[in-house]
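Just so it is clear, none of the values below were taken in a lab; they were calculated from the coordinates. The shown structure was predicted, so the numbers you read here are calculated from the model rather than taken from an experiment. Counting neighbours? That spans all protein chains shown, and the Cβs are built from the backbone with ideal geometry, glycine included.
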Amino acid sequence: MSGIQKGVIVYNNHPINFLAEMICLTDMWKAAGEPSGRAPSDWRDLTATQTFVDFLTDSGIAGISGNEIFRTIRGGKKPGTWAHWQIAFAYAKYLSPEFHVWVNQAAREKMLAISGLTADEIRRQSCKLSVTDHATLLRKAIALHGSIFVYNKRQGMDLTQARAKANAQVLEQMGVDLPKECGWQSQPLAVQEQALTATDIAKALNLPGNKPGEAGNNLLDAAGLYSWTRDTKGRKVWTPTEHGRKFGRYEDKPRAHTSGTVQPWGWYPSVLDVLRLHLATATEAPPFAKKPEPVS
């Protein structure tokens with residue numbers, strides 16, 4: 001952007017200031033109603049936030065360095081925590097879906113209008129590319145696609161889903177439609193198997209007890225597919241093991257949880273065969289099994 005551009009957008013009668021590529025996160029938090037536990041400082045401490053920030057700075061895709069990610073201004077006319085717009089948009093999603101959608105549209109339109117640049121010019125400038133350097137743009141887009149694809153696979157997505165989401169992310173971040181640019185044949189998403197919960201598994205295998213969810217989790221744990229740790233309040237937090245990731249995936253839609261929003265894990269129906277084999281060959285009874293009746 002040429003020069004230092006500044007402006008204000010208003011949400012619920014609350015002003016949100018921005019300066020060049022930076023947006024005030026404190027203003028965003030106030031405009032969203034100051035939700036408890038979701039202030040900028042709370043969000044910065046999250047592991048997911050740090051992972052996202054590290055990716056932006058390490059990849060160089062956004063064209064920003066570490067000192068351009070966050071700034072804290074104390075006193076003056078615009079105090080608070082400021083962040084690069086890509087970080088600010090991610091924070092908006094953390095505040096609420098409605099606020100996220102509004103910020104994506106309103107803030108970016110305002111910034112583009114003031115700068116006099118088009119969306120494509122902004123993307124190219126962010127990547128530090130000239131309009132004519134198309135080959136370099138494609139190389140960077142392919143590199144980004146590869147990184148996101150690998151990350152998606154590690155999160156439990158299948159091949160088709162991981163590739164499709166990587167394509168969409170590259171298009172969003174760099175404005176490059178890789179399948180079209182590289183002449184790839186568009187493939188429809190594979191039909192996803194119905195994911196099973198621990199309760200579904202317990203019912204399918206007729207596990208004993210009146211707590212099917214607990215019974216299913218314990219069986220998955222005994223089979224080496226699931227493991228748990230305790231959170232700060234002493235509650236169990238279940239995560240798939242490396243071996244268990246082969247038999248399930250994270251769901252696309254997060255769900256509400258007592259500790260916040262979580263990405264639920266679902267099991268493929270094929271896990272039932274693995275668990276049946278475990279039950280048939282296990283030398284010790286699983287922890288949820290009924291005690292044997294005494295022999296009279």
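Going by average Cβ neighbours within 10 Å, how do the peptides 271-280, 13-22 rank, with the highest at the top?
On the way: 271-280: 15.2, 13-22: 17.2.
Packing order, densest peptide first, comes out as 13-22, 271-280.
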message = Under a crude label model (7 Å from the Cα following the beta-carbon direction), how far is V8 from K246 in nanometres?
response = 6.0 nm
request  = Provide the three semi-axes, in whole Å and in decreasing order, of the ellipsoid equivalent to the stretch 198-281 as defined by the square roots of 5 times the Cα gyration tensor eigenvalues.
outcome  = 22, 15, 13
query = Could you give the nm distance between label points at I73 and Q263, where each point is 7 Å from its Cα heading toward the beta carbon?
reply = 3.4 nm
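My understanding is that a pair violates if its Cα-Cα distance is over 28 Å; which of K165/K233; K211/K246; K93/K233 do that in this structure? Spell out each step's value before the answer.
Working: K165/K233 34 Å; K211/K246 26 Å; K93/K233 26 Å.
Where the Cα-Cα span goes over 28 Å, the pairs concerned are K165/K233.
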